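S.K.: My structure is below; once you've seen it, I'll send some questions.
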Amino acid sequence: MTEEQAPGLTRRRPVATAATAAVLVGLLGLHTVAGFFVLNALLTESEGPWDRTVTGTVRLMAGLGLVVELMALAGTAACVNTGRLRRWWYAPAAVLVITALVRMVFAPQP
């Protein structure tokens, strides 16, 4: 089927498509780094009553994950607002942001 046969279909600009693909690769990297920080925040536990640094470590890891994920959220918002991505692309960012915030609030106390 050619473009003449399908009037509703238009050819997208290849430069914009390549730019969006590059942004998506960058977003994947940011989601991975943020997931690493949030996972470390979730897996960090107190070793006993003498372990006074666990709360600071958990909050630091969750905070780093939150900062990185907010950068990924900004890139996602740019792609969604241009119409290149659907709104469901906010879901991974929302899950990681909420998880990081909950872990920061409920950090383990020694």
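The values are calculated or read from the model by the stated rules, or taken from the named source; none is laboratory data. Everything numeric here is computed off the predicted structure, so don't read it as measured data. Reconstructed Cβ throughout: ideal geometry from the backbone, glycine too, with neighbour counts over all protein chains shown. Just so you know, the surface numbers come from the protein's heavy atoms only, side chains and all, with ligands and any DNA or RNA stripped out. Shrake-Rupley method; radii C 1.70, N 1.55, O 1.52, S 1.80 Å.
Here is a yes/no grid of residues against (1) under 17 Å from the mean Cα position of the chain (by Cα); (2) under 24 Å from residue 22 (Cβ atoms); (3) free of Cβ contacts under 8 Å to residues at least 60 places away in the same chain:
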| residue | (1), (2), (3) |
| --- | --- |
| 46 | no, no, no |
| 57 | no, no, yes |
| 63 | yes, no, yes |
| 71 | yes, yes, yes |
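S.K.: Can you tell me how many residues in region 75-93 are surrounded by 12 or more Cβ atoms within 10 Å (Cβ to Cβ) and in a helix (DSSP H, G or I)?
M.R.: 10
S.K.: Name the residue that is surrounded by the most Cβ atoms within 10 Å (Cβ to Cβ), counting only residues in region 52-61 that are touching a helix residue (DSSP H, G or I) at 6+ places or on another chain (Cβ under 6 Å) and either of a type in the set (Val, Ile, Thr) or more than 25 Å from residue 25 (Cβ to Cβ) (or both). Explain how you work it out, then say what you get.
M.R.: Pass one, region 52-61, residues touching a helix residue (DSSP H, G or I) at 6+ places or on another chain (Cβ under 6 Å): 58-59, 61.
Then drop every residue that is not either of a type in the set (Val, Ile, Thr) or more than 25 Å from residue 25 (Cβ to Cβ) (or both), which leaves 58-59.
Values: 58: 22, 59: 17.
For region 52-61, the residue satisfying everything is 58.
S.K.: Additional query: On the given criteria, is residue 64 among the hydrophobic types (A, V, I, L, M, F, W, C) and open to solvent by 90 Å² or more (accessible area, probe 1.4 Å)?
M.R.: Values: among the hydrophobic types (A, V, I, L, M, F, W, C): yes; open to solvent by 90 Å² or more (accessible area, probe 1.4 Å): no.
No; evaluated as a whole, the condition is false for this residue.
S.K.: Where residues in region 94-110 are more than 9 Å from residue 65 (Cβ to Cβ) and among the small types (Gly, Ala, Ser), which of them is surrounded by the fewest Cβ atoms within 10 Å (Cβ to Cβ)?
M.R.: Kept after step one, since they are more than 9 Å from residue 65 (Cβ to Cβ), are these residues of region 94-110: 94-95, 98, 101-102, 104-110.
Pick out the ones that are also among the small types (Gly, Ala, Ser) and you get 94, 107.
Values: 94: 12, 107: 18.
This residue is 94.
S.K.: When the residues of region 18-43 are narrowed to those that are of a type in the set (S, T, N, Q) and free of Cβ contacts under 8 Å to residues at least 40 places away in the same chain, which ends up most open to solvent (accessible area, probe 1.4 Å)?
M.R.: Initially, region 18-43 is screened for residues of a type in the set (S, T, N, Q), giving 20, 32, 40.
Checking the rest, the ones that are also free of Cβ contacts under 8 Å to residues at least 40 places away in the same chain come to 32, 40.
Details: 32: 89, 40: 49 Å².
Looking at the filtered set, the residue picked out is 32.
S.K.: Follow-up. Checking residue 9 against (1) of a type in the set (A, V, I, L, M); (2) open to solvent by 70 Å² or more (accessible area, probe 1.4 Å); (3) within 13 Å of the chain's Cα centre (by Cα); (4) modelled with pLDDT under 90, which test does it fail?
M.R.: Only one criterion is unmet by residue 9, namely (3).
S.K.: Would you mind stating whether residue 78 is within 27 Å of residue 24 (Cα to Cα) and at pLDDT below 90?
M.R.: The answer is yes for residue 78.
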